[in-house]
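**Student:** Submitted below is the structure of interest, expressed as structure tokens.
Nothing in this text is a laboratory measurement; each read-out follows from the coordinates by a stated rule. Because the structure is predicted, anything quoted here is derived from the model rather than measured. For neighbour counting, all protein chains shown are included, and Cβ atoms are generated from backbone atoms with ideal geometry for every residue, glycine included.
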Amino acid sequence: MEGVDDDRWTQVFTTKRGRPVRADFHLTLSEPLRRRVWEQEVIGTPFERVLDEAITEVTLEATDGGTQVTIAQRQKLRGYSRTGGFMLRRATRGKLKEALEGLERVCV
């Protein structure tokens, strides 16, 4: 991560060839201790060729003896990329599952 502010931040990824790629995000909704929503800025970036939007939402809900965490991601593909929607859904599902498992390891 770099350029982290209260309502925006940049995540740096590395391609298979070792080239850095930056993804900028901004906070769109925050309900402390309950819900946060952020959106990836795609216009004017390499992601613009593939995505129309990418929104992530994390919600927390008190349960008996704990907290239920839900992570949801909505991605709208652009143009020809829409034909690969099933692959994106599968990859996203795996990424979100991994995030929840990591969170559970840290908290339990």
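**Student:** Would you confirm, using the coordinates I've provided, whether T14 is among the hydroxyl-bearing types (S, T, Y) and surrounded by 11 or more Cβ atoms within 10 Å (Cβ to Cβ)?
**Tutor:** No: the conditions fail for T14.
**Student:** Then there's this: Residues of the stretch 15-55 being within 18 Å of L88 (Cα to Cα) and in contact with a Lys or Arg (Cβ under 8 Å, 6 or more places away or on another chain), which ones?
**Tutor:** E48, R49, V50, L51, D52, E53, A54, I55
**Student:** Shifting gears a bit: Please verify whether W38 is over 11 Å from the mean Cα position of the chain (by Cα) and under 24 Å from K76 (Cβ atoms), treating the condition exactly as stated.
**Tutor:** no
**Student:** When you scan the stretch 1-50 for strands (runs of 3 or more DSSP E) that lie fully inside it, which ones turn up with 1 or more residues that are in contact with a strand residue (DSSP E or B) (Cβ under 9 Å, 6 or more places away or on another chain) and in contact (Cβ under 8 Å) with a residue 24 or more places away in the chain?
**Tutor:** 20-31, 35-41
**Student:** With T45, T28, T67, T56 as the choices, which residue is surrounded by fewer than 12 Cβ atoms within 10 Å (Cβ to Cβ) and polar (S, T, N, Q)?
**Tutor:** Only one candidate qualifies: T67.
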